[in-house]
Amino acid sequence: GERMIVVSDQVALENVKNQSTTARLIGASVGIDAALKNLVEACGIPLAEALVMVSERPARVLRLTDRGFLRVGLRADLVLLTEDLSVHTVVCDGFPTSVVAN
């Protein structure tokens, strides 16, 4: 519903492999991109609704008024997706920071 948000504490798997056996708090191996794809493909949630769950709502909960929406004057942090919902390009503060080859 309108209150559902999706967040991730994903860490790079190589960081997990290099940790000692002492107890540590580590993150998940599933990122927002995979979670978005699962919401749409496995759960049948419409893409537009799933996108709100991973962008607008988390920003609102965190009271981040400069992101989570596409509006003039806000941060230009974007993730461009391919048709199959894979990450194509990451844009941070208006500048492409990475392009992921398919």
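Read-outs: derived from the displayed coordinates by stated rules, not from any lab. Note that the coordinates shown come from a computational prediction; the quantities given were computed from them, not determined experimentally. Ideal geometry is used to build each Cβ from the backbone, glycine not excepted, and the neighbour counts take in all protein chains shown.
Under 5 Å between amide hydrogens, built in the peptide plane, is the criterion, and for residue 88 it picks out 80, 81, 82 among residues at least 5 positions away or on other chains.
Given axes a ≥ b ≥ c from the Cα gyration tensor, I'd like to know whether segment 41-102 is rounded (a/c under 1.5), prolate (a/b larger than b/c) or oblate. If you can, show how the numbers build up before the last one.
Numbers: a/c = 2.56, a/b = 1.10, b/c = 2.34.
In terms of gyration-tensor shape, oblate.
Give me the net charge of residue 41's neighbourhood, meaning all other residues with Cβ under 14 Å from the Cβ of residue 41; Lys, Arg count +1, Asp, Glu -1.
Working: positive: 37; negative: 33, 49, 83, 84.
For residues surrounding residue 41, the net value is -3.
Taking label positions 7 Å along the Cα-Cβ direction at both residue 6 and residue 78, the computed distance is 2.0 nm, reported to one decimal.
If we count every other residue with Cβ under 14 angstrom of residue 84's Cβ, Lys/Arg +1 and Asp/Glu -1, where does the sum land? Residues close to residue 84 contribute a combined charge of -2.
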